[in-house]
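J.: I have a structure here, written as structure tokens, and I will follow up with some questions on it.
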Amino acid sequence: MEGGRSMEEKSMAIFDEKKVTTFLLYLLKEMKQASIGCKKAIKLLYLCDRAMFASHWKFITNDVYVSMSKGPVLVNTNSLMQMTNEIPTSFFGHYFSKNGDELKVREGIKLDDFDYSTLTAAEKRMAEYHADLFSECTEENIIKFTHSFCEEWKDPIEEGVAIRPISIEDIKRALIPRSENGA
């Protein structure tokens, strides 16, 4: 296993920068915000992915997941966020800029006028639901929430490492009631 996914799992899903960008823009539109802390964005995207998997057995971002001390992290999305200002010509960088830990929709981008047609109705509902639930939540509180709610997250520091992979099997085990998964 590499980066939280088996090679078989990785071949089934491909990370899509445009999908992540579009989904995050839609999430912000629903939150009625033009900026968001990177940690909060990562946690929201993870929770949306997790909920989509629970209800539709597919992910929105098709990212690779890891446990870090502040909760679950989407590896590729986190890299995009960290490099936004260094690579403004990327699709993600075209729509977002970063100031410290704050991700901001670039000037001139109108969230209400953006083309969200690549998102499915289920993906839009997932964004709407999570925007409603977490728009007023602080970064600190969403981190605490993922620590308590996401059973698949394990503090890597307790294992003496900085990063611990989260596999799709880990997520499945956390989502399926114990009586159904034989535990």
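J.: Against the longest alpha carbon principal axis of the chain, how many degrees, from 0 to 90 and to the nearest 10, is the axis of helix 121-134 turned?
T.: 90
J.: Next up: Net charge within 15 Å of Thr89 by Cβ-Cβ distance, Lys/Arg positive one each and Asp/Glu negative one each, not counting Thr89 itself?
T.: On the way: positive: Lys18, Lys98, Arg106; negative: Glu17, Glu86.
Local charge sum for Thr89: +1.
J.: How far, in degrees from 0 to 90, does helix 139-149 lean away from the longest principal axis of the Cα atoms of the chain, to the nearest 10?
T.: It works out to around 30 degrees.
J.: Follow-up. Gaussian network model of the chain, Cα springs within a sub-10 Å range: biggest mean-square fluctuation belongs to which of Lys144, Lys40, Lys29?
T.: Highest fluctuation among the options: Lys144.
J.: Continuing with this model, one more query. For region 85-158, what value does the Rg/Rh ratio take when both radii are computed over Cα atoms and Rh is the Kirkwood radius, given to two decimals?
T.: Radius of gyration over Kirkwood radius for region 85-158 works out to 1.03.
J.: Which shape class applies to the chain: rounded if a/c is under 1.5, otherwise prolate when a/b exceeds b/c and oblate if not, where a ≥ b ≥ c are the square roots of the Cα gyration tensor eigenvalues?
T.: It is prolate, given that a/c is not under 1.5 and a/b is the larger ratio.
J.: Please determine, in degrees from 0 to 90 and to the nearest 10, the orientation of helix 38-56 with respect to the longest principal axis defined by the Cα atoms of the chain, where the helix direction is its Cα long axis.
T.: Taking the Cα atoms of the chain, the angle to 38-56 is about 60 degrees.
J.: Let me ask something else about it. Fewest Cβ neighbours within 10 Å first, please rank Ser117, Ser67, Ser55, Ser167 accordingly.
T.: Final ranking by Cβ density, sparse to dense: Ser117, Ser55, Ser167, Ser67.
J.: Under 20 Å between alpha carbons, and skipping anything fewer than 8 positions from Lys110 in its own chain: which lysines qualify?
T.: Lys18, Lys19, Lys29, Lys32, Lys98, Lys124
No lab work stands behind these numbers, since they all come straight from the coordinates. Given the structure is predicted, the values throughout are model-derived calculations rather than measurements. Methodologically, a virtual Cβ is constructed for each residue, glycine included, from the backbone with ideal geometry; neighbour enumeration extends over all protein chains shown.
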